[in-house]
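My questions will all concern the structure given below.
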Amino acid sequence: SFVTRGPALARRLDGPDPGHGWDGRDHQGARLPDGGYVLRVLYTGPGGRALLRAFGLTLDTARPRISAAGAAPNPFEPQPRDGDRDTTSFAMRSSEAGRLQVAITRVGASGTVMVLRGLRAAGRQRIGWSGRSASGQWLRGRFAYVIETMDAAGNSARSGRQNLQIS
């Protein structure tokens, strides 16, 4: 089996072991650039006939970049549900499409009170929150949150810890 990029050989994987993996390095151990590759697998079939299968691969080792992470409005007031600052939106700008996650904790207490998740495109990403805990309880007080994004390859980036006030 071997990995190619265009007509060039990137890495040869020898032997009958079906557990071969590719770590994004060439045969000399040098890290290859991110991008599209093709895994070409050579099978030996009955009678010694060679069968070739090709699979597209994307090498992605770069973490997404995030900026402009925040919550607005902050503070917000989910009760009395009067249409004024009833929800807040956590937002950030991401260099790649991926999963957006917001972990919210109460300041001065242990444990997470809410985790918000969603799949988002690259660019400005946002997810709304009503001010309820995972169990449905209305919350008040000071909270902290961290926004994280993870791309399709599992590379992630996080914002710093920020504060949020629920009146």
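Given the options Ser156, Ser130, name the one that is within 30 Å of Gly36 (Cβ to Cβ) and among the hydroxyl-bearing types (Ser, Thr, Tyr).
Residue meeting the stated conditions: Ser156.
Filter the range 40-99 down to residues that are in a loop (DSSP other than H, G, I, E, B), within 30 Å of Leu164 (Cβ to Cβ) and of a type in the set (Ser, Thr, Tyr) and give me whichever is least open to solvent (accessible area, probe 1.4 Å).
Of everything passing the filter in the range 40-99, Ser95 is least open to solvent (accessible area, probe 1.4 Å).
Additional query: Quick one: count up the residues across the range 128-140 that are assigned to a strand (DSSP E or B) and either at pLDDT 95 or above or open to solvent by less than 20 Å² (accessible area, probe 1.4 Å) (or both).
Qualifying residue count, the range 128-140: 1.
What number goes with the only condition from (1) over 30 Å from Asp23 (Cβ atoms); (2) touching a residue at least 12 places away in the same chain (Cβ under 8 Å); (3) not in a strand (DSSP E or B) that Ala144 does not pass?
For Ala144, the failing item is (3).
Tally up the residues in the range 118-127 that are open to solvent by 20 Å² or more (accessible area, probe 1.4 Å) and not hydrophobic (A, V, I, L, M, F, W, C), please.
Counting residues in the range 118-127 that are open to solvent by 20 Å² or more (accessible area, probe 1.4 Å) and not hydrophobic (A, V, I, L, M, F, W, C) gives 4.
Now, a different point. Can you tell me which residue among Ser89, Ser67, Ser1 is at pLDDT 85 or above and over 30 Å from Trp138 (Cβ atoms)?
Within the list Ser89, Ser67, Ser1, the selection yields Ser67.
Before we move on, is Ala153 surrounded by 17 or more Cβ atoms within 10 Å (Cβ to Cβ) and within 20 Å of the chain's Cα centre (by Cα)?
So Ala153 does not fit the description; no.
To continue, here is another question. Being not in a loop (DSSP other than H, G, I, E, B) and not hydrophobic (A, V, I, L, M, F, W, C) is the requirement here; does Arg124 meet it?
yes
Which residue is least open to solvent (accessible area, probe 1.4 Å), if the candidates are limited to the range 100-117 and must be under 15 Å from Arg142 (Cβ atoms) and modelled with pLDDT of 90 or more?
Among residues in the range 100-117 that are under 15 Å from Arg142 (Cβ atoms) and modelled with pLDDT of 90 or more, the one least open to solvent (accessible area, probe 1.4 Å) is Ile104.
The values are calculated or read from the model by the stated rules, or taken from the named source; none is laboratory data. Everything numeric in this text was worked out from a predicted model, so none of it was measured. Heads up, the Cβs are rebuilt from the backbone with ideal geometry, glycines too, and the neighbour counts pull from every protein chain shown. These accessible areas exclude ligands, DNA and RNA; they are computed on the full protein's heavy atoms, side chains included. Shrake-Rupley method; radii C 1.70, N 1.55, O 1.52, S 1.80 Å.
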